[in-house]
1. Return the residues of region 27-51 that are under 14 Å from the mean Cα position of the chain (by Cα) and either in a loop (DSSP other than H, G, I, E, B) or modelled with pLDDT of 85 or more (or both); say none if nothing qualifies.
2. Going by the structure shown, is residue 2 among the charged types (D, E, K, R), at pLDDT below 85 and not in a loop (DSSP other than H, G, I, E, B)?
3. Taking region 8-55 as the region of interest, how many residues are of a type in the set (Gly, Ala, Ser) and surrounded by 10 or more Cβ atoms within 10 Å (Cβ to Cβ)?
Amino acid sequence: MENQEQAVVFDEERAATYDERFAKLPPLRDTLHLLTRLVLADLPVNGRILCIGVGFALKDI
């Protein structure tokens, strides 16, 4: 197999606009937050959640 250069897919320019591009989808995001609240509603008050790779840095549920 030849050694080929990989294309930069997630470069600095894309990183700078990442949140902005997905901010155009608030109804979908809000629906996902609502569903998450419903799923987690039965957890005890002192329950803990591990978030892995959720992206967007919008974990305010």
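The values are calculated or read from the model by the stated rules, or taken from the named source; none is laboratory data. This structure is a prediction, so every number in the text was calculated from the model and none was measured. Positions of Cβ are backbone-derived with ideal geometry, glycine not excepted, and every protein chain shown enters the neighbour counts.
1. Within region 27-51, the first condition is being under 14 Å from the mean Cα position of the chain (by Cα), and the residues that meet it are 28-33, 36, 50-51.
28, 30, 31, 32, 33, 36, 50, 51 - these are the residues of region 27-51 that are under 14 Å from the mean Cα position of the chain (by Cα) and either in a loop (DSSP other than H, G, I, E, B) or modelled with pLDDT of 85 or more (or both).
2. Values: among the charged types (D, E, K, R): yes; at pLDDT below 85: yes; not in a loop (DSSP other than H, G, I, E, B): no.
Criteria not met by residue 2.
3. Within region 8-55, residues that are of a type in the set (Gly, Ala, Ser) and surrounded by 10 or more Cβ atoms within 10 Å (Cβ to Cβ) number 2.
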